[in-house]
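So the structure is just underneath, and the comments pick up after that.
The values are calculated or read from the model by the stated rules, or taken from the named source; none is laboratory data. The shown structure was predicted, so the numbers you read here are calculated from the model rather than taken from an experiment. Here the Cβ positions follow ideal geometry from the backbone for every residue, glycine too, while neighbour counts run over all protein chains shown. The accessibility values were calculated without ligands, DNA or RNA, using every heavy atom of the protein model including side chains. Shrake-Rupley method; radii C 1.70, N 1.55, O 1.52, S 1.80 Å.
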Amino acid sequence: MSAAAADPVWRVGLIGYGAIGQSVARLLLAQPGHALGIVTRSVPAGGFGPGAEALGDLEALLDWRPDAVIEAASADAFAAFAPACLAAGIDIVAASVGALQDAALHERIKCLCDRTGSRLVVPSGAVGGIDHIAAAALRPETRVTYISRKPPAAWVAELATLGLSEAAQKGPVTLFEGDAREAAARYPKNLNAGLTIALAAGFDRTSVQVLADPAATGNTHEIRIEGPLGDSAMRFCNAPDPANPKTSAITAYSLVAATLRHFGTLQ
Ligand SMILES: NC(=O)C1=CN([C@@H]2O[C@H](COP(=O)(O)OP(=O)(O)OC[C@H]3O[C@@H](n4cnc5c(N)ncnc54)[C@H](O)[C@@H]3O)[C@@H](O)[C@H]2O)C=CC1
Ligand SMILES: O=C([O-])CC(=O)C(=O)O
């Protein structure tokens, strides 16, 4: 902690100020004892308000000496910032964990954490029950199926590229079936949840299906776990973030909850 016990302030770096970043800033600054240093491509005209300041780049972020960093930007930003933060001994709570589909980057992150003692915190993000999945996966027979089902509004550019915009207005369109790494590689803005689940379950035991479905009322995530410890099913029907229909609004809350837990005494 960076301040005396009488006046505790956690210094939190934030990368990205889009749908998730803006909600994270609002939620975290409403908590007592948190200061934010924000790396963003454009600072709002009125600034960020009390408790937050703009940081120009990675160097400025490291110089600001954050206690932890929240990444809420993109897979590219994760690849550019996370290794440097971990190498400097700064823990990072990341949204764009789909970037770990890159096996070389994943290995580099693990080596940096081993060497420095810093940690990559993977929040539950748009889904939940990750602890349950990790527990069940201690039995190697366990298999996990993840189905991502979002309205076509979350897939506008991808459906247009595939020439499927019209079909997706009439009924469900399967955009992908396979493993979590390939899903995140193909759709880096929509399949971080699949990677989060596979990190808990094991890549070889997780299968992923991705649908654009006009009947979906929200960003829906279905997870089925089958194994010797039992069969379970979880379903999350999330409200999309008003600023980005690909993103479930709860993701920002998950990042903030994970950060508060990280600083807290109960893990
Ligand atoms: N883990 C999970 O369950 C989930 C993860 N995500 C991921 O979270 C990330 C953020 O999502 P949203 O806020 O909805 O996206 P967004 O597109 O609304 O905002 C991202 C912001 O980050 C900025 N940005 C991108 N690269 C940057 C860089 N190198 N430096 C500074 N700023 C940069 C962009 O300009 C944009 O303003 C995305 O990678 C998204 O795929 C989204 C939903 C769920
Ligand atoms: O927010 C969601 O519903 C899930 C998402 O975009 C992702 O996993 O990248």
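Counting residues in region 224-233 that are within 14 Å of ligand 1 (Cβ to nearest atom), surrounded by 15 or more Cβ atoms within 10 Å (Cβ to Cβ) and part of a loop (DSSP other than H, G, I, E, B) gives zero.
Cβ separations smaller than 6 Å between residues 6+ apart or across chains give the following pairs from region 86-103 residues that are touching a residue at least 40 places away in the same chain (Cβ under 8 Å) and within 19 Å of HIS262 (Cβ to Cβ) to residues that are open to solvent by 10 Å² or more (accessible area, probe 1.4 Å) and among the hydrophobic types (A, V, I, L, M, F, W, C): VAL93/VAL121; ALA95/ILE20; ALA95/ALA72; SER96/ALA75; VAL97/VAL122. Residues satisfying the criterion are present in region 91-101 (criterion: surrounded by 16 or more Cβ atoms within 10 Å (Cβ to Cβ), farther than 24 Å from ASP179 by Cβ, not β-branched (Val, Ile, Thr) and not assigned by TED's automatic domain parsing to the domain that holds ASP204).
Might you let me know whether region 213-223 holds any residue that is open to solvent by 10 Å² or more (accessible area, probe 1.4 Å), within 16 Å of ligand 2 (Cβ to nearest atom), of a type in the set (Ser, Thr, Tyr) and more than 18 Å from the chain's Cα centre (by Cα)? Checked region 213-223: at least one residue is open to solvent by 10 Å² or more (accessible area, probe 1.4 Å), within 16 Å of ligand 2 (Cβ to nearest atom), of a type in the set (Ser, Thr, Tyr) and more than 18 Å from the chain's Cα centre (by Cα). Taking VAL256, is it of a type outside the set (Gly, Ala, Ser), part of a helix (DSSP H, G or I) and surrounded by 15 or more Cβ atoms within 10 Å (Cβ to Cβ)? Judged against the criteria, VAL256 is a match.
Quick grid of which residues meet (1) part of a loop (DSSP other than H, G, I, E, B); (2) within 13 Å of ligand 1 (Cβ to nearest atom); (3) of a type outside the set (Ser, Thr, Tyr):
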{"site": "ALA154", "(1), (2), (3)": "no, yes, yes"}
{"site": "ALA157", "(1), (2), (3)": "no, yes, yes"}
{"site": "ALA160", "(1), (2), (3)": "no, no, yes"}
{"site": "LEU164", "(1), (2), (3)": "yes, no, yes"}
{"site": "LEU175", "(1), (2), (3)": "no, no, yes"}
{"site": "GLU182", "(1), (2), (3)": "no, no, yes"}
{"site": "LYS189", "(1), (2), (3)": "yes, yes, yes"}
{"site": "THR196", "(1), (2), (3)": "no, yes, no"}
{"site": "LEU199", "(1), (2), (3)": "no, yes, yes"}
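When ALA198, ALA180, ALA193 are screened for being buried (at least 19 other Cβ atoms within 10 Å of the Cβ), in contact with a Gly (Cβ under 9 Å, 6 or more places away or on another chain), closer than 30 Å to ASP67 by Cβ and not assigned by TED's automatic domain parsing to the domain that holds GLY21, only ALA193 passes. Restricting to region 241-253, and then to whatever is of a type in the set (A, V, I, L, M) and part of a loop (DSSP other than H, G, I, E, B), can you tell me which residue is least open to solvent (accessible area, probe 1.4 Å)? Looking at residues that are of a type in the set (A, V, I, L, M) and part of a loop (DSSP other than H, G, I, E, B), I get ALA249.
Is it the case, given these coordinates, that ALA45 is over 23 Å from GLY125 (Cα atoms), outside any helix (DSSP H, G or I) and over 20 Å from the mean Cα position of the chain (by Cα)?
Details: over 23 Å from GLY125 (Cα atoms): yes; outside any helix (DSSP H, G or I): yes; over 20 Å from the mean Cα position of the chain (by Cα): yes.
It is true that ALA45 is over 23 Å from GLY125 (Cα atoms), outside any helix (DSSP H, G or I) and over 20 Å from the mean Cα position of the chain (by Cα).
Close Cβ contacts (under 7 Å, 6 or more residues apart or on different chains) running from residues in region 67-78 that are without any contact (Cβ under 8 Å) to a residue 60 or more places away in the chain to residues that are part of a strand (DSSP E or B) and within 14 Å of ligand 2 (Cβ to nearest atom) comprise GLU71/ALA94; PHE78/GLU71; PHE78/ALA94. Taking the condition within 16 Å of ILE223 (Cα to Cα), out of contact with any helix residue (DSSP H, G or I) (no Cβ under 9 Å at 6 or more places or on another chain) and not assigned by TED's automatic domain parsing to the domain that holds ILE38, does THR145 pass? Taking the combined requirement at face value, the residue satisfies it.
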